[in-house]
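Visitor: Submitted below is the structure of interest, expressed as structure tokens.
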Amino acid sequence: QVQLVESGGGLAQPGGSLRLSCAVSWGMFSFYTMGWYRQAPGKQRELVADISTGGSTMYKDSVKGRFTISRDNAKNTVYLQMNSLKPEDTAVYYCNVPNYPLRWGQGTQVTVSS
């Protein structure tokens, strides 16, 4: 069964770092762009970053220069390195396939607070 399992979230201080992982149990992983999304309380889920099969990346303006998305096709895993964290980054983070959405996983909570 297709599954998305996010991990790596937690509590960080402003300016701190976290690295999120998404394990994807889907045979077509290496053929699709992958994305990281986040949803803050009372807000819509938004695309934060994505990475194509060829490694091209895209970032929401507010995270450019701070977040880095990467993928390991051999491990069917997508990563999100988050540096210089800000309180406004607080949200539940999810991964998915933008062009072929799968059932959402549980997400991983990221809280940035002093």
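The values are calculated or read from the model by the stated rules, or taken from the named source; none is laboratory data. Worth saying up front: this structure is predicted, and the values here are computed from it rather than measured. Because the Cβ atoms are built from the backbone with ideal geometry, glycine has one as well, and the counts that use them run over all protein chains shown. With ligands, DNA and RNA removed, areas are computed over all heavy atoms of the protein, side chains included. Shrake-Rupley method; radii C 1.70, N 1.55, O 1.52, S 1.80 Å.
Visitor: For the stretch 33-109, what does the accessible surface come to per residue with a 1.4 Å probe? Please give it in Å². Don't skip to the end; give the middle numbers.
Guide: Details: 4040 Å² over 77 residues.
Using a 1.4 Å probe on heavy atoms only, each residue of the stretch 33-109 averages 52 Å².
Visitor: Here's a follow-up. Restricted to Cα positions, what overall size does the stretch 35-114 have along the principal axes? Three whole-Å values, descending.
Guide: 37, 28, 21
Visitor: Something else: Could you give the size of the charge dipole of the chain about its Cα centre, using +1 on the Cβ of each K and R and -1 on the Cβ of each D and E, expressed in debye and rounded to the nearest 20? Mind showing how you got there, number by number?
Guide: Numbers: 11 positive and 7 negative charges, 5 e Å.
My answer is approximately 20 debye.
Visitor: May I pose another question? Over 19 Å, how big is the tail of the calculated P(r) for the stretch 1-81, in percent of all Cα pairs? List each step's numbers first, then the result.
Guide: Working: 1244 of 3240 pairs.
Beyond 19 Å sits 38 percent of the P(r) for the stretch 1-81.
Visitor: Would you work out which of Thr68, Thr57, Gln13 lies farthest towards the positive end of the dipole of the stretch 1-82? Charges go on Cβ: Lys and Arg +1, Asp and Glu -1.
Guide: Gln13
Visitor: A follow-up question, please. For the chain, what is the number of Lys pairs with C-alpha distance below 20 angstrom, counting only pairs 8 or more positions apart or on separate chains? Please list the in-between numbers first.
Guide: Values: Lys43/Lys60; Lys43/Lys86; Lys60/Lys86; Lys64/Lys86.
Taking the Cα cut-off of 20 Å, the pair count is 4.
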